[in-house]
Amino acid sequence: MDERLQFVARRIAGEPMADLCREFGISRKTGYKIFDRYQECGVQGLTDRSRRPYRYAHQLPFQVENFILNVKREHASWGPRSSAGRHCCDNNVSYSLFPPPCTRR
């Protein structure tokens, strides 16, 4: 954070962005990002941010996840196809993890 603060202070003093970025060994895009965050949030904007994603694309909806966990608790001997195929369709849950199980003829 000290280097970012020095970078911002020198930028505010009027030094050109390209020269500062070259001296600090960063791209101009990163330099503008640091300076814009300082302008938006002040000194707090210069701290490291979490890289954790805001959302997970493959995460199940909360209700579906709870339903599946409840079915697995009730029927511990069933595998994933039985749990999803038999109960997700029967209980009007419109989210299908697997196709319905095959019936033997």
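Measuring r between the beta carbons of residue 43 and residue 66 and using R0 = 35 Å, the FRET efficiency lands at 0.25. Ranked by the mean number of other Cβ atoms within 10 Å per residue, highest first, peptides 56-63, 13-20 order as 13-20, 56-63. When you filter the trypsin sites (Lys or Arg not before Pro) in the stretch 1-51 for DSSP loop state and at most 10 other Cβ atoms inside 10 Å of their Cβ, you are left with 49, 51.
Phi angles across the stretch 29-40 convert, under the Karplus curve 6.51 cos²θ - 1.76 cosθ + 1.60 with θ = phi - 60°, into 3J(HN,Hα) values of 4, 5, x, 5, 5, 4, 5, 5, 5, 5, 5, 6 Hz, Gly and Pro given as x. Label the stretch 1-50 by shape, choosing from rounded, prolate and oblate, from the square roots a ≥ b ≥ c of the eigenvalues of the Cα gyration tensor; if a/c is under 1.5 it is rounded, and otherwise prolate applies when a/b is larger than b/c, oblate when it is not. Here the stretch 1-50 falls in the prolate category.
No value in this document is a laboratory result; all are computed from the given coordinates. Just so we're clear, the structure is a prediction, and the values are computed from it rather than from any experiment. Counting neighbours? That spans all protein chains shown, and the Cβs are built from the backbone with ideal geometry, glycine included.
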